[in-house]
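Notes to accompany the following structure.
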Amino acid sequence: MKDTEDILKDDHFKLLAFLITSARGCVVEPPLYGPLRLVDAASRLIEIMRKEGRVNEQIIKLQKMIKERMDLVMYDEEMFIEFLDELSKELAKMLKSE
């Protein structure tokens, strides 16, 4: 069993903490912050997957899209929603190619 200090440094635990605190934040934040937090969590998960050697170029492309465009929510909500649609389409392409 890991001790508390090890757990607090663990990338999986950091993602867990982000998800739990994000859930609480979604209660009082503007509605589009929920999707923002979810794509941020997806990017964080991809980073964990990258460290574990579990990514391919398509997954890295998804992370790059997220990092480049997730801040759209702050100044252009319509473009942010379009970005979410595009991100979903890229994921669907990955699933269809399998």
Per the list (1) open to solvent by less than 70 Å² (accessible area, probe 1.4 Å); (2) farther than 29 Å from Lys96 by Cα; (3) hydroxyl-bearing (Ser, Thr, Tyr), residue check on Thr21 breaks on (1)
Out of (1) over 15 Å from Ala41 (Cα atoms); (2) part of a helix (DSSP H, G or I); (3) out of contact with any Phe, Trp or Tyr (no Cβ under 9 Å at 6 or more places or on another chain), the one Leu62 does not meet is (1)
I need the full set of residues from the stretch 20-59 which are of a type outside the set (Lys, Arg) and in a loop (DSSP other than H, G, I, E, B), in order please. Glu29, Pro30, Pro31, Leu32, Glu52, Gly53, Val55, Asn56
What residue, among those in the stretch 65-77 that are without any contact (Cβ under 8 Å) to a residue 12 or more places away in the chain and either assigned to a helix (DSSP H, G or I) or basic (Lys, Arg) (or both), is nearest to Lys93 (Cα to Cα)? Glu68
Flagged pairs (Cβ under 9 angstrom, 6 or more apart or on separate chains; first in the stretch 40-59, β-branched (Val, Ile, Thr); second open to solvent by 80 Å² or more (accessible area, probe 1.4 Å) and in a loop (DSSP other than H, G, I, E, B)) are Ile48/Arg54
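The values are calculated or read from the model by the stated rules, or taken from the named source; none is laboratory data. Worth saying up front: this structure is predicted, and the values here are computed from it rather than measured. Neighbour counts are summed over all protein chains in view; Cβ atoms, including those assigned to glycine, are modelled from backbone coordinates with ideal geometry. To get the accessible areas, we keep the full protein, side chains included, count just its heavy atoms, and leave off ligands, DNA and RNA. Shrake-Rupley method; radii C 1.70, N 1.55, O 1.52, S 1.80 Å.
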